[in-house]
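To keep things clear, I will list the structure first and then write my remarks on it.
Just so it is clear, none of the values below were taken in a lab; they were calculated from the coordinates. Everything numeric here is computed off the predicted structure, so don't read it as measured data. All Cβ positions, glycine included, derive from the backbone under ideal geometry; neighbour counts span all protein chains shown.
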Amino acid sequence: MDTEILARIQFAFTIAFHYIYPPLSIGLGLLMVIFESFYIKTKKKQYHVLAKFWTKIFALTFGIGVVTGIVMEFEFGTNWAVYSRYVGDVFGSALAAEGIFAFALESGFLGILLFGWNRVKPWVHLVATIGVFLGSMFSAVWIVVANSWQQTPAGYHIVGKGLNARAEITDFWAMVFNPSSIDRLTHVWLGAFLAGAFLVLSVHAFYILKGRYVSISKKAFKIALVVATVFSLGQLLTGHKSAEGVSVNQPAKLAAMEGHFDESGPADMYLLGWVNKERQEVSGLKIPGGLSFLLHYDLEAPVKGLNAFPEDERPGQINAVFQFYHLMIIIGMALIALTLMAVFLWWRGSLFDKRWLLCLFVFAAILPQIANQVGWFAAEMGRQPWVVYGLLKTSDAFSQAVSDNQVLFSLVLFMVVYAFLFALFIYLLNKKIKHGPYNEEEDDDRPLTKEISEVITGN
């Protein structure tokens with residue numbers, strides 16, 4: 001296996017592992033703000049318990065996310081030196097903005113969030129919670145802006161030639177608001193909200209099934225269900241908007257996502273399928289002219305296919321892009337169906353009587369995570385062979401001085417360390433979930449006792 005492939009595998013592995021945690025932090029941050037706001041408004045202690053409980057889990061995901069994200073910055077310099085030189089001015093600006101607008105905000109309020117429960121007034125603590133939540137969202141802004149610039153470059157010019165060529169920013173705001181940044185950012189945010197909401201739904205569905213913390217879990221479940229329903233439906237809109245943008249700015253990627261080879265003809269939309277790259281055929285369940293209608297509201301409208309591009313400018317792994325893209329869509333539709341079914345049963349007054357539904361929610365926590373991962377895989381693999389679309393190819397971007405053995409050794413080392421970190425995360429998460437929101441192990445369907453209240457208030 002050559003150095004380029006190993007370097008790509010290494011970066012894909014580290015970023016995929018890292019991306020488990022930031023969406024959870026963003027999604028849990030939103031729920032923490034909601035729980036704490038409910039507590040301040042209603043003065044009901046159970047919302048205070050929920051806010052404290054999920055803050056502990058947020059702290060765990062936040063810490064692991066920071067640790068696993070640092071590695072990628074070093075990989076830019078070691079494995080992707082040409083790429084780092086080329087995009088350094090752009091990425092430097094975006095990451096500097098992340099430090100100013102995101103990390104500063106998070107670090108400024110994180111101490112109050114974690115340790116200020118009994119030291120500051122409730123409204124001050126809520127402000128800190130909102131600050132940390134907004135900081136996590138702003139962090140996503142600048143990371144997505146930097147990545148979106150690679151997909152749809154804007155606000156730059158190229159200086160130098162050959163290996164010394166690099167992109168310089170000529171218009172900072174054109175770089176920030178490049179053609180794909182807003183669509184991709186909203187899609188990422190909603191995916192993060194779903195990851196957090198479904199983790200909350202999973203844990204509290206588990207408690208209800210076990211007959212533990214039933215009253216408090218019903219409250220948490222209903223709040224998280226509203227969040228999950230709203231944002232799962234919202235993903236339909238952001239996904240459609242993003243697909244329209246891809247059709248304009250990266251038509252080869254969209255063609256790979258739907259396995260559309262015809263140079264300029266009506267494009268079908270596949271629900272399931274398998275792409276045969278050599279025969280340029282897709283076998284599966286499709287809606288004839290569906291992609292044409294989705295983009296142009298005309299079943300016969302032509303859509304540019306893969307054959308309209310030189311072979312060395314098409315994604316190499318077309319079937320993989322197709323499968324990842326469709327898996328993301330299938331999961332998205334499943335989340336919509338699951339949440340709407342739960343809302344209907346809630347309206348009928350039988351939401352918590354359906355044990356099979358609660359069991360589905362227990363295991364559904366993994367689905368937004370898978371959708372987030374495969375969505376990124378489809379976006380990044382669909383951009384190939386470009387690392388900066390239309391400007392710099394991936395094959396020209398990696399470090400020539402690094403050997404395949406060096407990359408392989410570091411890849412194996414990362415796998416070992418990350419496996420340990422993941423095991424530690426699961427162990428600590430499981431420990432916190434087993435412990436529960438408070439120390440009492442009795443049925444909390446009855447009124448809160450004096451002892452539970454003391455645990456809640458910290459007195």
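Would you mind estimating how fast segment 305-359 diffuses translationally, via Stokes-Einstein at 37 °C and 0.692 mPa s with the Kirkwood radius over Cα pairs, in µm²/s?
Diffusion coefficient, whole number: 228 µm²/s.
Ranked highest first by the average count of other Cβ atoms within 10 Å around their residues, in what order do 247-259, 379-391 fall?
Going from most to least packed, we get 247-259, 379-391.
What is the Cα centroid distance between segment 37-97 and segment 375-404, reported in whole angstrom?
A separation of 24 Å, based on Cα centres.
Go from 0 up to the bin containing the longest alpha carbon distance in segment 98-223, width 10 Å each, and give me the % of pairs per bin.
Pairs per bin, as whole percents: 12, 24, 29, 20, 10, 5, 1.
Between segment 142-176 and segment 202-245, what is the separation of their alpha carbon centroids in Å?
37 Å
Tally Lys/Arg at +1 and Asp/Glu at -1 over every other residue whose Cβ is under 12 Å from the Cβ of Leu225; what's the total?
Overall, the nearby charge balance is +3.
Can you compute the FRET efficiency between Lys241 and Arg279 using 1/(1 + (r/R0)^6), with r the Cβ-Cβ distance and R0 = 35 Å? Round to the nearest 0.05.
Plugging the Cβ-Cβ distance into 1/(1 + (r/R0)^6) gives 0.60.
Restrict the search to segment 47-100; then list the chymotrypsin sites (Phe, Trp or Tyr not before Pro) that DSSP places in a loop and that have at most 13 other Cβ atoms within 10 Å of their Cβ.
none
Compute from the Cα atoms of segment 3-457 the Rg and the Dmax, the latter being the longest Cα-Cα distance, and quote both in angstrom.
According to the Cα coordinates of segment 3-457, Rg and Dmax are 23.6, 74 Å.
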